[in-house]
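Colleague: I am attaching a structure below and will ask some questions about it afterwards.
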Amino acid sequence: MEGIRERKARPVSEHEQPPEDNVPSQHARAQTGWPVSRLLYTLVLLLSTVLYLFWKTNPGALIRLIEPWYDLSEQLPGVSSPEYAFLGADEVRRDAVVDAFKHAWFAYERDAMGDDEYHPLSHKGSNLTDAGGIGYTVVDSLDTMIIMGLDEEYRRARSWVDTKLTFEVDGIFNVFETTIRVLGGLLSAYHLTHDSLYIDRAKDLADRLMVAFSTPSGLPVAMVNLGTRTPIPDTGNQNLVSTAEVATLQLELRYLTELTDDDSYWRAAEKVMQVIRKAVPVPPLAAIYMDPQQGTFVTSPIRLGSRGDSYYEYLLKQYLQTGRVETGYREMYDGAMDAIHEHLVQRTPHTNFLYTAELMPERTQTHQMQWRLVPKQDHLVCFLGGSLMLGATDGGHFSVPPRAEEFVGTARRDWTTGYELIKTCMETHRTHTGLSPEIAHFRTKNDPQAIADLAPNDWYIKGSRQPTAALDARYILRPETVESLFIAFRLTGDSRYRDWGWQIFQSIEKHCKVPTGGYAGVTNVDIVPPELEDKMETFMMSETLKYLYLLFSDSSILPLTENVFNTEAHPFPIIRPTGRTAFT
Ligand code: DMJ
């Protein structure tokens, strides 16, 4: 400062040559450098303060501001290198998944072979009806054994299907669950083996299920008695049907028509989609309940989780199943994705996590209808990350990894949202067990302090700190996050997805593995050691372990461009039916 003052105090005339002793010394030169560095220092300080205040008040906007540069260096979000990666197998991790499958299967086979469900803590099986079961677990697991090359285990399972499986059971079964797990399991076993046993069984089952479609609208009722072939409406639910359930039978029924030449399955499946296309509101967000008498949506929550999820999944997959010619499905899917982006996609206030909220219908005091946005997301929604990326690349028909210029229209938006959603799903695995809860709640801008305290990371599990954990805190061996990781890996070759999948697998091994055999869900993902639930859901062997296996396998196994996975992870081939009018 002194130097500045001195110079100001003694102005030198333009023409005056400085006398020799006026030439600044080295020390004085350093002093004259101060103003610049001080200026810079002040500027940096000022800028940091502004950025800090901006971050505090609107962190999302700040991240969005810098995102374009971040993207530029990365080419595309979710892709580390633009170079083509050969997707070879990670044999060590893949084989660890096979060992896990064997651990699950052997326990089931030892304690409960043929029963619908398995209880690994009590070493028992159980059936879905008192009249008996229909091989839920065996049939749901067939294709995983085939894919993993477990020939001996598969041979025994096939023999059970051949000699013991019967659908002549006087019991009531859910149409959707039976279709995706049992019919889907039989059809994919056929796809992988061409063993006609599976077509015979699939046809027998489907013929019993078809009575569900005999409603005035063509929307199937929720249940049937398989033995008596009687449709059973869901009286406990005002005879309504859930949107996901009626709209997640199509891949299975259409493939069965392709295999049998019996058109009735295809017609029934397509009729449902015609009814939905006509009934869907503007914007095209589907409420989770429909009335099978009227063929209309009823006022009910709108969400991408339970009872809504696979409706969106199958819009895209029906389009992919028939070689991308049925543009009607693609249009419905694109319309739905636009509406989801406009009405459901949200960001958390501090960490900018992307999630999809739910809409709850409510009546105001003056009886007006209004929709309340609820910031919660089911684990089930985690399928959507991979699904969006798959849709954005038109079913994996882009380069691997995709090049930015391949994306047109809303494809890049969908890709980015898909990747961001996967990141959020991974974030919900940051619990004490490393497992993610059944439902995650997210912070919003003006949350009360109690919620702010609970959710320093912008998300929390409702009730996880209460002595009796809420159902939200459970992890029941669900597959949706690893399903998305598998798709993202196949589309990008980016090892981050394998690392994330491995992380999840290790948490399952650590906390869900029952030493005597099998895997169990946990009641609270935030308690270590966790309390186990005495159930191994069938999707552990049909989906979770299959998707993990495929994540670590080389990409020649079941390429996405040649197969479409049903919602229970059963692969079907892409088909090109002739002589049929496409759904356009
Ligand atoms: C599976 O049965 C299917 O993935 C279904 O679409 C949703 N729920 C379970 C797995 O979580």
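Colleague: Under the condition of being within 20 Å of Leu315 (Cβ to Cβ) and either assigned to a helix (DSSP H, G or I) or without any contact (Cβ under 8 Å) to a residue 40 or more places away in the chain (or both), which residue from the stretch 204-250 is nearest to the ligand (Cβ to nearest atom)?
Modeller: Ala244
Colleague: State the number of residues belonging to the stretch 553-584 that are in contact with a helix residue (DSSP H, G or I) (Cβ under 7 Å, 6 or more places away or on another chain), in a loop (DSSP other than H, G, I, E, B) and of a type outside the set (S, T, N, Q). So that I can check it myself, show each step before the final result.
Modeller: Step one: of the stretch 553-584, the residues in contact with a helix residue (DSSP H, G or I) (Cβ under 7 Å, 6 or more places away or on another chain) are 553, 555, 557-558, 560, 564, 566-575, 577, 583-584.
Going one step further and asking which of them are in a loop (DSSP other than H, G, I, E, B), we end up with 553, 555, 557-558, 560, 566-570, 574-575, 577, 583-584.
Now narrow it down to the ones that are of a type outside the set (S, T, N, Q): 557-558, 560, 568-570, 574-575, 577, 583.
The number of residues fulfilling the criteria is 10.
Colleague: Could you grab me the full set of residues in the stretch 536-552 that are near the ligand (Cβ under 10 Å from one of its atoms) and not in a helix (DSSP H, G or I)?
Modeller: Within the stretch 536-552, Glu537, Thr538 meet the criteria.
Colleague: Hey, another quick one. Across the stretch 553-576, what is the total count of residues that are near the ligand (Cβ under 10 Å from one of its atoms), out of contact with any strand residue (DSSP E or B) (no Cβ under 9 Å at 6 or more places or on another chain) and polar (S, T, N, Q)?
Modeller: The qualifying residues number 1.
Residue by residue, here is whether (1) surrounded by 15 or more Cβ atoms within 10 Å (Cβ to Cβ); (2) within 17 Å of the chain's Cα centre (by Cα); (3) in contact (Cβ under 8 Å) with a residue 24 or more places away in the chain holds:
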site: Gly305; (1), (2), (3): yes, yes, yes
site: Tyr312; (1), (2), (3): yes, yes, yes
site: Tyr333; (1), (2), (3): yes, yes, yes
site: His343; (1), (2), (3): yes, no, yes
site: Asn352; (1), (2), (3): yes, no, yes
site: Glu358; (1), (2), (3): yes, yes, yes
site: Pro361; (1), (2), (3): no, no, yes
site: Thr366; (1), (2), (3): no, no, no
site: Cys382; (1), (2), (3): yes, yes, yes
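Colleague: How many residues are away from the ligand (no atom under 15 Å from the Cβ) and either over 16 Å from Leu121 (Cβ atoms) or touching a helix residue (DSSP H, G or I) at 6+ places or on another chain (Cβ under 8 Å) (or both) if we restrict to the stretch 503-521? Break it down stepwise before answering.
Modeller: So the first thing to find is which residues in the stretch 503-521 are away from the ligand (no atom under 15 Å from the Cβ), and the list is 503, 505-507, 509-511, 513-518, 520.
Pick out the ones that are also either over 16 Å from Leu121 (Cβ atoms) or touching a helix residue (DSSP H, G or I) at 6+ places or on another chain (Cβ under 8 Å) (or both) and you get 503, 505-507, 509-510, 513-514, 516-518.
Residues meeting the conditions: 11.
Colleague: Tally time: how many residues in the stretch 153-178 are outside any helix (DSSP H, G or I) and of a type in the set (A, V, I, L, M, F, W, C)? Reasoning before the result, please.
Modeller: Filtering the stretch 153-178 for residues outside any helix (DSSP H, G or I) gives 164-174.
Checking which are of a type in the set (A, V, I, L, M, F, W, C) leaves us with 165, 167, 169, 172-173.
Number of matching residues: 5.
Colleague: Which one of these is more than 21 Å from Thr433 (Cβ to Cβ), in contact (Cβ under 8 Å) with a residue 12 or more places away in the chain and not acidic (Asp, Glu): Phe583, Phe539, Phe505?
Modeller: Values: Phe539 fails: more than 21 Å from Thr433 (Cβ to Cβ); Phe505 fails: more than 21 Å from Thr433 (Cβ to Cβ).
So the residue among Phe583, Phe539, Phe505 that is more than 21 Å from Thr433 (Cβ to Cβ), in contact (Cβ under 8 Å) with a residue 12 or more places away in the chain and not acidic (Asp, Glu) is Phe583.
Colleague: Name the pairs: first residue in the stretch 471-489 and at positive phi, second residue modelled with pLDDT of 95 or more and near the ligand (Cβ under 10 Å from one of its atoms), Cβ to Cβ under 6 Å, at least 6 apart or on different chains?
Modeller: Final answer for the pair search is Leu477/Glu537; Leu477/Met540; Leu477/Thr544.
Colleague: Listed residues Leu485, Leu454; which is aliphatic (A, V, I, L, M) and surrounded by fewer than 19 Cβ atoms within 10 Å (Cβ to Cβ)? Quick ask: steps written out before the conclusion?
Modeller: On the way: Leu485 fails: surrounded by fewer than 19 Cβ atoms within 10 Å (Cβ to Cβ).
None of the other options fit; the residue is Leu454.
Colleague: On to the next question. Taking Glu533 as meeting all but one of (1) more than 19 Å from Gln321 (Cα to Cα); (2) away from the ligand (no atom under 16 Å from the Cβ), write down the number of the exception.
Modeller: Here Glu533 clears every test but (2).
Colleague: Right, here's the next one. Under 9 Å by Cβ, and 6 or more places apart or on different chains, what pairs join a residue from the stretch 179-203 that is part of a helix (DSSP H, G or I) with one that is away from the ligand (no atom under 16 Å from the Cβ) and among the polar types (S, T, N, Q)?
Modeller: Tyr190/Ser196; His191/Asn563; Ile199/Thr260; Ala202/Thr260; Lys203/Thr260
Colleague: The conditions are (1) out of contact with any His (no Cβ under 6 Å at 6 or more places or on another chain); (2) in contact (Cβ under 8 Å) with a residue 60 or more places away in the chain; (3) over 21 Å from Leu186 (Cβ atoms), and Val528 fails exactly one of them. Which is it?
Modeller: Result: Val528 passes all but (1).
Colleague: Kindly establish whether Arg490 is modelled with pLDDT of 95 or more, among the charged types (D, E, K, R) and touching a Gly at 6+ places or on another chain (Cβ under 9 Å).
Modeller: Details: modelled with pLDDT of 95 or more: yes; among the charged types (D, E, K, R): yes; touching a Gly at 6+ places or on another chain (Cβ under 9 Å): yes.
Yes, satisfied.
Colleague: If I ask for residues that are over 21 Å from Ile276 (Cβ atoms) and surrounded by 24 or more Cβ atoms within 10 Å (Cβ to Cβ), which ones from the stretch 207-262 would you list?
Modeller: Residue satisfying the conditions is Leu226 alone.
Colleague: Can you tell me which of Asp71, Asp90 is within 25 Å of the chain's Cα centre (by Cα) and at pLDDT below 85? Talk me through it step by step, then tell me what you get.
Modeller: Numbers: Asp90 fails: at pLDDT below 85.
Asp71 is the lone residue from the list that is within 25 Å of the chain's Cα centre (by Cα) and at pLDDT below 85.
Colleague: State yes or no: is Thr166 away from the ligand (no atom under 16 Å from the Cβ), buried (at least 17 other Cβ atoms within 10 Å of the Cβ) and among the β-branched types (Val, Ile, Thr)? Spell out the reasoning first.
Modeller: Values: away from the ligand (no atom under 16 Å from the Cβ): yes; buried (at least 17 other Cβ atoms within 10 Å of the Cβ): no; among the β-branched types (Val, Ile, Thr): yes.
Criteria not met by Thr166.
Colleague: Just a yes or no: is a residue in the stretch 450-466 within 15 Å of the ligand (Cβ to nearest atom) and either among the acidic types (Asp, Glu) or touching a residue at least 12 places away in the same chain (Cβ under 8 Å) (or both)?
Modeller: First, the residues of the stretch 450-466 that are within 15 Å of the ligand (Cβ to nearest atom): none.
Within the stretch 450-466, not a single residue is within 15 Å of the ligand (Cβ to nearest atom) and either among the acidic types (Asp, Glu) or touching a residue at least 12 places away in the same chain (Cβ under 8 Å) (or both).
Colleague: Of the conditions (1) free of Cβ contacts under 8 Å to residues at least 60 places away in the same chain; (2) charged (D, E, K, R); (3) on the phi < 0 side of the Ramachandran plot, Asp261 fails just one. Which one is it?
Modeller: Evaluating Asp261 over (1) free of Cβ contacts under 8 Å to residues at least 60 places away in the same chain; (2) charged (D, E, K, R); (3) on the phi < 0 side of the Ramachandran plot leaves (3) as the failure.
Colleague: Now a separate question. Kindly indicate whether any position in the stretch 187-198 is within 16 Å of the ligand (Cβ to nearest atom) and buried (at least 24 other Cβ atoms within 10 Å of the Cβ).
Modeller: Our first condition is that a residue be within 16 Å of the ligand (Cβ to nearest atom); within the stretch 187-198, this holds for 187-188.
Filter again for buried (at least 24 other Cβ atoms within 10 Å of the Cβ), leaving 187-188.
So far as the stretch 187-198 goes, yes, one or more of its residues are within 16 Å of the ligand (Cβ to nearest atom) and buried (at least 24 other Cβ atoms within 10 Å of the Cβ).
The values are calculated or read from the model by the stated rules, or taken from the named source; none is laboratory data. Note that the structure is predicted; figures quoted are calculated from it, not measured. In this analysis, Cβ positions are derived from the backbone assuming ideal geometry, glycine residues included, and neighbour counts consider all displayed protein chains.
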